[in-house]
Amino acid sequence: MKTDAFIGLGSNLKAPAAQLARAVAELAALPTTTLVAQSPFYTSSPVGPQNQPDFVNGAAWISTELAPHALLDQLQAIEQAHGRERLQHWGPRTLDLDLLIFGNHELDDERLTVPHRELHNRDFALQPLLDLKPDLTLPDGTKIVTLRAQCPDNRLRKLPPPDYP
Ligand SMILES: Nc1nc2c(c(=O)[nH]1)N=C(CO)CN2
């Protein structure tokens, strides 16, 4: 059985928009998975330490037969392939892939919390989700559009399509 899942993408090192474009192609190539759509990419001011470059953020909508933890394994493998190092909490990174929403599943264990714990605080995740699916809701019925309206502002600026490598 296939499940619709929404993946948040972020990067602020080593040609961020190119990192995201490659990552979307890699998501589309995962086993038993199809890419439904990708959002526009945005630049956003950093949340957390301010002495780091602006981020590029976006989201991908996939349909997958992978179970949540198997999908998480795949996301972490893609992050590793992009040379990801975890140097600093909320610090700079070459690629961050967050499992934001997995169908109507609610999960909370030591590896995975879905929907993502910080989603309501991150306009750089909420706005791309709205671009993908304006009527998207969380499993508890909360509308993403409502969370977006209440969320702190990180100065999102949409990148024009020609800027995607
Ligand atoms: N704007 C923005 N800020 C961040 C981001 C991100 O993706 N976008 N990711 C972080 C590390 O998880 C820390 N801060």
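Net charge near residue 101, counting Lys/Arg +1 and Asp/Glu -1 over other residues with Cβ under 11 Å of its Cβ? Combined, the nearby Lys, Arg, Asp and Glu give -2. Here the 3J(HN,Hα) profile of the range 87-100, calculated from phi with Karplus coefficients 6.51, -1.76 and 1.60 at θ = phi - 60°, is 8, 9, 4, 6, x, x, 7, 6, 7, 10, 10, 10, 6, 8 Hz, Gly and Pro shown as x.
Bridging of residue 2 to lysines at a Cα separation below 26 Å is possible for 133, 143, once same-chain residues fewer than 8 apart are set aside.
The alpha carbons of the range 3-158 occupy a box of 38, 35, 29 Å along the principal axes, longest dimension given first. When the chymotrypsin sites (Phe, Trp or Tyr not before Pro) in the range 14-116 are filtered for DSSP coil states and for at most 14 other beta-carbon atoms within 10 Å of their beta-carbon, the remaining sites are 90. What's the carbon and sulfur percent of the chain's accessible surface, probe 1.4 angstrom, rounded to a whole number? Accessible surface attributable to carbon and sulfur in the chain totals 53 percent. Accessible surface computed residue by residue for the chain, with neighbouring protein chains in place and a 1.4 Å probe, gives 49 Å² per residue. Here's the picture: charge each Lys and Arg Cβ at +1 and each Asp and Glu Cβ at -1 in the chain, and of 112, 42, 24 the one pushed furthest to the positive end of that dipole is 42. Considering only 109, 54, 135, the mean-square fluctuation computed in a Gaussian network model of the chain, springs between alpha carbons under 10 angstrom, is largest for 109.
For the chain, the relative contact order works out to 30 percent when only alpha carbon pairs closer than 8 Å and six or more residues apart are counted. GNM remark for the chain: springs join alpha carbons under 10 Å apart, and the peak mean-square fluctuation among 128, 40, 49 falls on 49. Taking 111, 93, 22 in turn, the Gaussian network model of the chain (Cα-Cα springs below 10 Å) assigns the largest fluctuation to 111.
The values are calculated or read from the model by the stated rules, or taken from the named source; none is laboratory data. All figures in this text were calculated on a predicted structure; none of them were measured in a lab. Backbone-built Cβ (ideal geometry, glycine too); neighbour counts: all protein chains shown. We work out accessible area using only protein heavy atoms, side chains counted, and drop any ligands, DNA or RNA first. Shrake-Rupley method; radii C 1.70, N 1.55, O 1.52, S 1.80 Å.
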